[in-house]
Amino acid sequence: MRTLFRMLTSDAIVFPSEAMITTLEYVNEVSEYPFVEICGSSTRRIKCKIQDRSGTLVVSMITLPKINNNSSEELNHICETPNHQNSSHDVMTFTVESILAFVDDVKDTNSIHRKAPYIVPGCLLLEKIWQYVNQLTSVQSINIRFLSPVRANEVVTLEHDEQHVIGKVEDTIVFKVIYKEESHE
């Protein structure tokens, strides 16, 4: 999966320096020949597909206004409060060091991950959610929709059922995940 993330952040693709991933979809579909394809682009929105021997990643992003390092209010979104019953709960958190190690490894130079408030990269969240869900069941694909950023050291509570994971920081939903199990035919 990290080879896909490296392709996303490589110099071969020129994205705006400050962009935020809005949705990520990972599918366990591989290609012998790695490629990156821009599927759609406008002034504020970009969508691309990346594929290699590790799978397929479809990424949607929006460009951001300059971020004030003292406040991250510009990144906040109106989020809904969940009303789930019979869900299981787990937690995850990301230190500044783990964020910096990830962005260094995948060569992500986006400053929203490298300066306060240290926004957790969407690809790092995808990787951890993929690992989390695969502990529950074998997964064929996963789709994450980001509603609000996750910052370093915030505790994300995970609620899951048979095909969904909801990530919350306190009472704010920060992402929603839909996953499909591998078919065993």
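Residue 15 passes every criterion in (1) out of contact with any helix residue (DSSP H, G or I) (no Cβ under 9 Å at 6 or more places or on another chain); (2) not in a strand (DSSP E or B) apart from (1). Just checking, does the stretch 118-127 include any residue being surrounded by fewer than 17 Cβ atoms within 10 Å (Cβ to Cβ) and touching a residue at least 12 places away in the same chain (Cβ under 8 Å)? Scanning the stretch 118-127, I find no residue that is surrounded by fewer than 17 Cβ atoms within 10 Å (Cβ to Cβ) and touching a residue at least 12 places away in the same chain (Cβ under 8 Å), so the answer is no. Within the stretch 115-127, the set of residues being under 16 Å from the mean Cα position of the chain (by Cα) and either charged (D, E, K, R) or over 16 Å from residue 3 (Cα atoms) (or both) comprises 118, 119, 120, 127. When 139, 165, 169 are checked against the criterion of being among the β-branched types (Val, Ile, Thr) and within 14 Å of the chain's Cα centre (by Cα), 165 stands alone in meeting it.
Let's see how each residue does on (1) polar (S, T, N, Q); (2) open to solvent by 10 Å² or more (accessible area, probe 1.4 Å); (3) in contact with a strand residue (DSSP E or B) (Cβ under 7 Å, 6 or more places away or on another chain):
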position: 108; (1), (2), (3): no, yes, no
position: 113; (1), (2), (3): no, yes, yes
position: 130; (1), (2), (3): no, yes, yes
position: 144; (1), (2), (3): no, no, yes
position: 152; (1), (2), (3): no, yes, no
position: 162; (1), (2), (3): no, yes, no
position: 170; (1), (2), (3): no, yes, no
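Of all residues in the stretch 29-44, at least one satisfies being closer than 21 Å to residue 179 by Cβ and at pLDDT 75 or above. A count restricted to the stretch 128-185 and to residues that are within 23 Å of residue 2 (Cβ to Cβ), outside any strand (DSSP E or B) and free of Cβ contacts under 8 Å to residues at least 60 places away in the same chain stands at 12.
The values are calculated or read from the model by the stated rules, or taken from the named source; none is laboratory data. Values in this document were obtained by computation on a predicted structure and should not be read as measured data. Methodologically, a virtual Cβ is constructed for each residue, glycine included, from the backbone with ideal geometry; neighbour enumeration extends over all protein chains shown. Please note that ligands, DNA and RNA were not included when accessible areas were found on the heavy atoms of the full protein model with its side chains. Shrake-Rupley method; radii C 1.70, N 1.55, O 1.52, S 1.80 Å.
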